[in-house]
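The values are calculated or read from the model by the stated rules, or taken from the named source; none is laboratory data. Given the structure is predicted, the values throughout are model-derived calculations rather than measurements. In this analysis, Cβ positions are derived from the backbone assuming ideal geometry, glycine residues included, and neighbour counts consider all displayed protein chains.
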Amino acid sequence: MKSLNKPKLGKELAIVLLIKVLLLTLLWSLFVRNQEVTVDAQKVSQSFGFQSQVSDQFQGVNHDKR
């Protein structure tokens, strides 16, 4: 009788994993996909304790845009 339950268990696990992947993809597409992060190079250098001058060329660059 135990051998009859093994294929059923595998199928149920596959279905549960598929549902989880679909839900995570849906949540990502609704809440994360369109988020943007802008980086201010001068503020980052100050937070790391650097006193050097940062070029204006890279200030406010949005690294998430492709």
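Scanning the range 22-53 for residues that are surrounded by 10 or more Cβ atoms within 10 Å (Cβ to Cβ) and in a loop (DSSP other than H, G, I, E, B), we see that the one that is modelled with the lowest pLDDT is F50.
Assess whether D56 counts as being of a type in the set (D, E, K, R), under 21 Å from the mean Cα position of the chain (by Cα) and modelled with pLDDT under 85.
Criteria not met by D56.
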